[in-house]
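Worksheet: one structure, shown below.
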Amino acid sequence: FMTGDMLGCLHRSSPKGGRIAWRLIVTNITSPSSRHSYRRLNVHPHLRRYGDAAYSPSRLSLSHRMRSLSALSSSSPPSPPTSPATELPRPLPRPRLPKEKITYLSAISSLSKSRLSLLVVSTTATGFLAAGLPPLVLSPSTLALTSTGTFLCACSAASFNQILEIDRDAAMYRTRSRPLVTGALSPSFATTFAITSGVAGVGALVAATPGEYVVASLGLFNIFLYAGPYTLSKPISEWNTWIGAVVGAIPPLMGYAAATGGAVTDPPALILSSALFLWQFPHFMALNWMYRKDYTQAGYAMVATNDPTGSRTAGVISRYAVALSAVPVAAWATDVTGIMFVVEGVILNGYALYMAEKFRKERTKANARRVFLTSLGYLPCWMMLFVLHSKTWDDEEEKIAKLEGAQQTFVVNNVVAETREGIRQGVLKVRDIGRDLCVHEAVMQKRATHTVESAEQGSYVDGAESRENENSITTVDAVVDP
């Protein structure tokens, strides 16, 4: 590099030559290959302007020129690349923060895993609806309080999980942007939020079911199970996935218990809970395989991290997908749903089994992602079909009247009656729309209509024949009678 004295001489003797010299230096500084060097050397921004006038030393102060040239002259040449045997592991890059300042609302949403918590609430609501229409009509506030309490308990468990895993989250690409890693929220604030949401969630579950504490106990136990054994066992044992599956299977029991007054051993509750337990293995095994390098770098003990070929991961996905396909048969065998739930379950589970088999044959990240996305669509479809074909919704008016008599529920004004009737009509309308979308329901309805029309036509023909016989008898009597 040329010194400042040489540049000054060139500029005094030939201004054009001085500008050319400055242009050579600035072009080297601002070229794409040396852009990071520009940032590291802290060259004045004026040097990056284009045009002859911008490169003239007279346009820059002496301090700026000397600081830029001294930085260039003192920069050390790049070190030669090291061999692969001696190359150190590359540290993770710093998390890319959004341009705008992170708000507390978005940070709290990330801390509580709000989307996952809403998915948990949907399974709780499905458990409540599996008990039939009467609980929904007679006590819609119970469903609202149960859903709110479940959401707050899930937020509390997720917050405790992130508090205990700050260092490991920082070592993973997938979790390095979480608020406790980036510093958007402090651990003390996260701890306060986790305790507050847990207490509020359990309180809401107690208010949802006054007089019995089965639902609140399940909610409190789930917080402990997720934040304690599940989180602490992740770096130790592969069985953490099975512990987490138990956590996911409890919310449907909470919803059904809230609707039935604490019953958790009825067939609908056990069917739902079993389905949620089995569903989580294809879902999370595919996720673990997609991010197995992250989990290994963070020191987690997962099936995928101890499975270089992916054969064990594919085996777990296939086995639990097969087991999940047997749940609709069990629901029909226990008289929880109709036979058409089995037929539709064959289609739904057939696609899931196809994706599992595809991953077993070719264990790539793309196929694992397909299994993961299939599981995301599978769960809401399965729950919707389960409620649609549930036999607990049959004869709903008789059940409502019976339940009102048993509970001695008296309607004191027309507003309550109209509200209940509106809820009942709305739910039944939604259920009828769902049935209309099913092909087999349309076929059955068409067949029933055809049967009714045939019966009406047969009765019309029989009536006509009987009238003809009566007329003939009357005519014969008239002829014979003198």
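Quick rundown of the values:
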| read-out | value |
| --- | --- |
| Selection from the range 260-270 of residues that are assigned to a helix (DSSP H, G or I) and open to solvent by 20 Å² or more (accessible area, probe 1.4 Å) | Thr260, Pro267, Leu270 |
| Residues of the range 364-373 classified as touching a residue at least 60 places away in the same chain (Cβ under 8 Å) and β-branched (Val, Ile, Thr), total | 1 |
| Residue list for the range 277-319, restricted to those being within 22 Å of Tyr378 (Cα to Cα) and in contact with a Pro (Cβ under 6 Å, 6 or more places away or on another chain) | Ile317 |
| Sole residue being hydroxyl-bearing (Ser, Thr, Tyr), under 22 Å from Thr123 (Cβ atoms) and without any contact (Cβ under 8 Å) to a residue 40 or more places away in the chain, chosen from Ser217, Ser188 | Ser217 |
| Selection from the range 212-269 of residues that are more than 20 Å from Leu143 (Cα to Cα) and among the acidic types (Asp, Glu) | Glu238 |
| Residue under evaluation Pro235, criteria (1) out of contact with any Phe, Trp or Tyr (no Cβ under 9 Å at 6 or more places or on another chain); (2) part of a loop (DSSP other than H, G, I, E, B), criterion not met | (1) |
| Tally of residues being more than 23 Å from the chain's Cα centre (by Cα), part of a loop (DSSP other than H, G, I, E, B), surrounded by fewer than 18 Cβ atoms within 10 Å (Cβ to Cβ) and not acidic (Asp, Glu) across the range 164-218 | 5 |
| Residues (open to solvent by 50 Å² or more (accessible area, probe 1.4 Å) and touching a residue at least 40 places away in the same chain (Cβ under 8 Å)) located in the range 220-234 | Leu220, Leu232 |
| Any hit, the range 155-163, residues being open to solvent by 20 Å² or more (accessible area, probe 1.4 Å), within 18 Å of Ser114 (Cα to Cα) and assigned to a helix (DSSP H, G or I) | yes |
| Ala304 vs. criteria crowded, with 24+ Cβ neighbours inside 10 Å and either in contact with a Lys or Arg (Cβ under 7 Å, 6 or more places away or on another chain) or modelled with pLDDT under 95 (or both) | yes |
| Helices (runs of 4 or more DSSP H) enclosed by the range 279-338 - at least 2 residues per element that are among the aliphatic types (A, V, I, L, M) | 311-325, 327-333 |
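Quick grid of which residues meet (1) open to solvent by 30 Å² or more (accessible area, probe 1.4 Å); (2) modelled with pLDDT under 95; (3) of a type in the set (Gly, Ala, Ser):
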site: Val322; (1), (2), (3): yes, no, no
site: Thr334; (1), (2), (3): yes, yes, no
site: Ile339; (1), (2), (3): yes, yes, no
site: Val342; (1), (2), (3): no, yes, no
site: Thr364; (1), (2), (3): yes, yes, no
site: Leu385; (1), (2), (3): no, yes, no
site: Leu388; (1), (2), (3): no, yes, no
site: Lys391; (1), (2), (3): yes, yes, no
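The values are calculated or read from the model by the stated rules, or taken from the named source; none is laboratory data. Not measured: the values here are computed from a predicted model. All Cβ positions, even for glycine, are placed from backbone atoms using ideal geometry, and neighbour counts span all protein chains on display. Accessible surface areas use protein heavy atoms only, side chains included; no ligands, DNA or RNA. Shrake-Rupley method; radii C 1.70, N 1.55, O 1.52, S 1.80 Å.
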